[in-house]
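A short worksheet on the structure shown next.
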Amino acid sequence: MNNNEKSLIGQSPASRGSGARGGAGLESASMDPYGKREVLDCFGRHLRRHGDAPQAVRWTEKGQRARYEAFLALCGDLAGKSLLDFGCGKGDLYGFLRDRGVACSFTGVDIHPDLIALARSKHPGAEFLARDIEEEPLGRTFDVVVACGVFNLRAGGIQETVEAVLPLLFGSAREALHANFLSARAPRHDVELHYVDPAWLLDFARERLSPGAVVREDLVPDDVFLSVQRS
């Protein structure tokens, strides 16, 4: 990650579909140890450099806001519901929801302890856990589970991690899972980032999660959003 600015969402068309937000919330047994360390180190450097700013989790303010708006539209009315933000980083989604008057029971999970410490200091009204859910399962379910930008960093074993973690997340959702990815159909790709083919994602989700899974490519340029509802 020698050029940490080139992979921030909301900049040039060459890089606006970037960002690997949420620290290492995605780490699973499928990610090789070097890939896992790469992710942890990457977000540690960005946090030290940028502090409490969207760039600390590899977003721009514009790109982060666009994706949060899209997730809010997909989730619908969250009032009184429980929400798990997987790969929550420093808790920015909670701040976004609070500022819009969304009253839900919010739990954020991320593997990076420094990001979780910052989230706890900023948002005492929410629950934040530093945890690798593959090694230490949460042991409970939530009405809605979201994963925003968690699978965007190209690290060793990332594709295997996507395939391992999505079923875990859906298993934690009583009503719905919503996740986004960088689309392989984006006109330009950044070598530091991981892109997912929307057709593959739909096939995988319908086979492994639910036949009713849907993908949308009309919410944020160069992103693909997966929504899986419980029947």
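Just wondering, is there one or more residues in the range 130-139 that are surrounded by 23 or more Cβ atoms within 10 Å (Cβ to Cβ) and either touching a residue at least 12 places away in the same chain (Cβ under 8 Å) or in a strand (DSSP E or B) (or both)?
No; the residues of the range 130-139 include none that is surrounded by 23 or more Cβ atoms within 10 Å (Cβ to Cβ) and either touching a residue at least 12 places away in the same chain (Cβ under 8 Å) or in a strand (DSSP E or B) (or both).
Could you tell me which of the residues 218, 203 is in a loop (DSSP other than H, G, I, E, B) and among the charged types (D, E, K, R)?
When all the criteria are applied, what remains is 218.
Go through the range 162-179 residue by residue and tally those that are assigned to a helix (DSSP H, G or I) and hydroxyl-bearing (Ser, Thr, Tyr).
Result for the range 162-179: 0.
Applying the selection to the range 65-87, what residues are under 17 Å from the mean Cα position of the chain (by Cα), farther than 17 Å from residue 140 by Cα and in contact (Cβ under 8 Å) with a residue 60 or more places away in the chain?
Result: 66, 67, 68, 70, 71, 73, 74, 75.
Scanning the range 140-176 for residues that are touching a helix residue (DSSP H, G or I) at 6+ places or on another chain (Cβ under 7 Å) and under 16 Å from residue 94 (Cα atoms), which turns out surrounded by the most Cβ atoms within 10 Å (Cβ to Cβ)?
This residue is 148.
Tell me, which residue of the range 68-111 that is among the acidic types (Asp, Glu) and assigned to a helix (DSSP H, G or I) is surrounded by the most Cβ atoms within 10 Å (Cβ to Cβ)?
92
Give the residue that is farthest from residue 115 (Cα to Cα), with candidates limited to residues of the range 41-67 that are outside any helix (DSSP H, G or I) and either modelled with pLDDT of 95 or more or not aliphatic (A, V, I, L, M) (or both).
In this case the residue turns out to be 60.
The values are calculated or read from the model by the stated rules, or taken from the named source; none is laboratory data. Not measured: the values here are computed from a predicted model. Ideal geometry is used to build each Cβ from the backbone, glycine not excepted, and the neighbour counts take in all protein chains shown.
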